[in-house]
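The values are calculated or read from the model by the stated rules, or taken from the named source; none is laboratory data. All values reported here derive from a predicted model rather than from experimental measurement. All Cβ positions, even for glycine, are placed from backbone atoms using ideal geometry, and neighbour counts span all protein chains on display. Note: accessible area is taken over every heavy atom of the protein model, side chains too, but ligands, DNA and RNA are not part of it. Shrake-Rupley method; radii C 1.70, N 1.55, O 1.52, S 1.80 Å.
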Amino acid sequence: MATALDLCIAALKEIVVLDSVETGGAEVADALVQLNRFIDVLATEPGSIFYRTRTTATLTASQASFSVGSGANINVARPVFIHRIHYIDTATDPDTEYPLHVFTEDEWAAVVLKALTSTRPTSAYYNPTYPTGTLYPWPIPTDASLQWALYHSSAVSQFDTLATTVSLPPGYEEMLVKNLAMLLAPQFGATPSPLTRMAAVESLSNIRRANKRRQEFAFEAAA
C-alpha cells in the first residue's frame, strides 16, 4: 500500500530531481498537485479505470429526473461512464432486476412525450451534467416499489494529502510513478531517460489492456 508521498518521491528520483536519500520539500508538494491532475485525466479514459460498481437507489414514483453525485438523489461519486442502467422491482420475492434501454442523445431528443407516465419505465437517459449528473427514467414510473441499479466505473481517487494511502491493483503504482515523472520533468528542467519514457508508455498500455472487458455484440436477424 503506497502513500502519495511514496509516489511523488519515486517520480522525482526517477528524473533525478531528488537523490537516493532526499525526501523532498516544496518539490513533493508540487508533485502532488501534478499527480492529482494526472489522476483526474485518467478518470476520463475507460481503459484506465480498473473496476465497475453496482449502485442502487430509490426510484421515487412520479419523479421525472434524478441527480447523480455526492449527496444527490443517487448518492455516489459522479460517474463519468455509466455502462448499464436497470431497475429493481422490490415487490417480488426475491427482488427482480430488469435492464433498461439507454437512450443516446439523439434518441432522447427524438422522444416527443418526455412527460409520459407508466407503471414502470422501459428506458433511461443519462446526461453527464456537472457537478451532478442527471438521470431520466422513461416513461416516468408511477410504481412506488422500484429502485435504480446503476453499473458504472469507479476511478482511482485523488490524494487529499501526501499522507493519503491507496491500495492499487498490479501495475498501477509503476504506471503512476513513471508517467508522473514524465509530467514533472519539464517543470524541473529535467530530461527523462529513454528507459523512463519507454516504461511510462508501456505501463499505461498494460493498464489499459488489463482493464478491457468482454463485450457482447448483437445483430439484427437480417444481418
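Do you know which residues across the stretch 1-57 are within 14 Å of residue 156 (Cβ to Cβ) and among the charged types (D, E, K, R)? Of everything in the stretch 1-57, those that are within 14 Å of residue 156 (Cβ to Cβ) and among the charged types (D, E, K, R) turn out to be 37, 40, 45, 52. In the stretch 177-193 there is no residue matching the filter, namely being modelled with pLDDT under 95, farther than 22 Å from residue 1 by Cβ and assigned to a helix (DSSP H, G or I).
How many residues are of a type in the set (Phe, Trp, Tyr) and in a loop (DSSP other than H, G, I, E, B) if we restrict to the stretch 128-138?
Our first condition is that a residue be of a type in the set (Phe, Trp, Tyr); within the stretch 128-138, this holds for 130, 136, 138.
Cutting the leftovers down to in a loop (DSSP other than H, G, I, E, B) gives us 130.
Summing the residues that are of a type in the set (Phe, Trp, Tyr) and in a loop (DSSP other than H, G, I, E, B) in the stretch 128-138 gives 1.
Within the stretch 137-158, if we keep just the residues that are small (Gly, Ala, Ser), open to solvent by less than 50 Å² (accessible area, probe 1.4 Å) and touching a strand residue (DSSP E or B) at 6+ places or on another chain (Cβ under 9 Å), the residue that is farthest from residue 49 (Cα to Cα) turns out to be 145.
Which ones in the stretch 1-59 are of a type in the set (Gly, Ala, Ser) and open to solvent by less than 60 Å² (accessible area, probe 1.4 Å)? Steps first, please.
Here is the first cut: in the stretch 1-59, the residues of a type in the set (Gly, Ala, Ser) are 2, 4, 10-11, 20, 24-26, 29, 31, 43, 47-48, 57.
Across the stretch 1-59, the qualifying residues are 2, 4, 10, 11, 24, 25, 29, 31, 43, 47, 48, 57.
Output yes when any residue across the stretch 117-127 is part of a strand (DSSP E or B), hydrophobic (A, V, I, L, M, F, W, C), open to solvent by less than 60 Å² (accessible area, probe 1.4 Å) and farther than 28 Å from residue 213 by Cα, and no when none is. Write out each step before concluding.
Pass one, the stretch 117-127, residues part of a strand (DSSP E or B): 117-118, 123-127.
In the following step, the residues that additionally are hydrophobic (A, V, I, L, M, F, W, C) were identified as 124.
Narrowing the set further to residues that are open to solvent by less than 60 Å² (accessible area, probe 1.4 Å) leaves 124.
Remaining after also requiring farther than 28 Å from residue 213 by Cα: none.
No, there is no match, as no residue in the stretch 117-127 is part of a strand (DSSP E or B), hydrophobic (A, V, I, L, M, F, W, C), open to solvent by less than 60 Å² (accessible area, probe 1.4 Å) and farther than 28 Å from residue 213 by Cα.
Applying the condition of being among the hydrophobic types (A, V, I, L, M, F, W, C) and assigned to a strand (DSSP E or B) to the stretch 139-173 and asking which residue is farthest from the chain's Cα centre (by Cα) yields 140. Counting only strands (runs of 3 or more DSSP E) that fall entirely inside the stretch 17-108 and contain at least 1 residues that are at pLDDT below 95, the qualifying elements are 51-58, 66-69, 82-89.
Counting the residues of the stretch 22-48 that are within 10 Å of the chain's Cα centre (by Cα) and within 16 Å of residue 173 (Cβ to Cβ) gives 2.
Scan 89, 93 and give me the residue that is farther than 22 Å from residue 213 by Cβ, surrounded by 14 or more Cβ atoms within 10 Å (Cβ to Cβ), more than 23 Å from the chain's Cα centre (by Cα) and of a type outside the set (S, T, N, Q).
Working: 93 fails: surrounded by 14 or more Cβ atoms within 10 Å (Cβ to Cβ).
Unique residue meeting the criteria: 89.
Annotation: of all residues in the stretch 194-211 being β-branched (Val, Ile, Thr) and at pLDDT 95 or above, the one that is surrounded by the most Cβ atoms within 10 Å (Cβ to Cβ) is 196.
In the condition set (1) touching a Pro at 6+ places or on another chain (Cβ under 6 Å); (2) surrounded by 15 or more Cβ atoms within 10 Å (Cβ to Cβ), residue 134 is compliant with all but (1). In this structure, residue 80 qualifies as under 17 Å from the mean Cα position of the chain (by Cα), of a type in the set (A, V, I, L, M), surrounded by fewer than 17 Cβ atoms within 10 Å (Cβ to Cβ) and within 26 Å of residue 172 (Cα to Cα).
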